[in-house]
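Below is one structure, written out as structure tokens; the observations come after it.
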């Protein structure tokens, strides 16, 4: 075991206490109708499983592609960012390495532990603030204080995604501030169940289903159409400035293609396809970059 890994192992219980103490200064009681107890438990119990997933080709591509698109639209002189449902802190660390101070908000203490451990290993802990709480309470926790808000793969797991987007809109600092949202795409779920799983009945159901099966954690996961996400953003007074597809074809490559050896080529091709609406429409995930409605680009 490396010294960093050993240090993180020792740090985890300390950080759990630290994050809990941070939560004492705010309301972190469970809000009815936001996460079910089952949802909250799967994120606490599944933190290590999620961390392992992010080291797979699929996980790396999801993170790398979404972050590359976010970087295109980072406001000049960005100072602060909020990572909503921060998970293991991959986006957080990258933003901190760019010089931003990042606040991590997550309901799962084990996720916050892993995120802070990642920040420690990257040497950016001085730019990190932990916040233990529910994503829907963003506007209650913070004022209009963030240049960048990352909301990647969190709306799929909340009962009221619009409430999260509305809170995020109120928390953007000014007209140049940017919100990045990544959600699971319904069309991508249709293709995945047909091509990868060979389950034609499930694929047909997914044509109209609002929920799909979550293979990583178990349980259900919300799926979105591009139209439903755009409508939700508009209702939250947010204007889409760019839309990208994330993982258009990488999930369906034949075994003859080594995704480890060809990672860079796959990444570059995904970037090209994700910018084209006809391919973005069938990607596994949809990413929208947005600003307050009426803001100049």
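Can you give me the distance in nm between label points at residue 262 and residue 77, each placed 7 Å from the Cα along the Cα-to-Cβ direction?
4.6
Assign one of three labels to segment 56-111, namely rounded, prolate or oblate, based on the Cα gyration tensor with a ≥ b ≥ c the square roots of its eigenvalues; rounded applies when a/c is under 1.5, prolate when it is not and a/b is larger than b/c, and oblate otherwise.
Details: a/c = 2.34, a/b = 1.13, b/c = 2.08.
Oblate, since a/c reaches 1.5 and b/c is not below a/b.
Taking the convex hull of the Cα atoms, report for segment 216-272 its projected area averaged over all directions, in nm².
Mean projected area for segment 216-272: 6.2 nm², to one decimal.
Using a Förster distance of 22 Å, how high is the FRET efficiency between residue 253 and residue 204, based on the Cβ-Cβ distance and rounded to 0.05?
Numbers: r = 24 Å, r/R0 = 1.10.
E between residue 253 and residue 204, to the nearest 0.05, is 0.35.
How many angstrom separate the Cα center of segment 193-251 from the Cα center of segment 53-74?
After rounding, the separation between the Cα centres reads 17 Å.
Which residues does the label zone of residue 48 cover in segment 85-100, counting backbone N under 20 Å from a point 7 Å along Cα→Cβ?
Only 87-90 pass the distance filter.
Can you tell me which of 204-210, 221-227, 103-109 comes out highest on packing, and rank the rest after it, using the mean Cβ neighbours within 10 Å?
Descending packing order for the listed peptides: 103-109, 221-227, 204-210.
All of the numbers you see were taken from the coordinates with simple rules; none came from a lab. Keep in mind that what you see is a predicted model, and the values were worked out from it rather than measured. Heads up, the Cβs are rebuilt from the backbone with ideal geometry, glycines too, and the neighbour counts pull from every protein chain shown.
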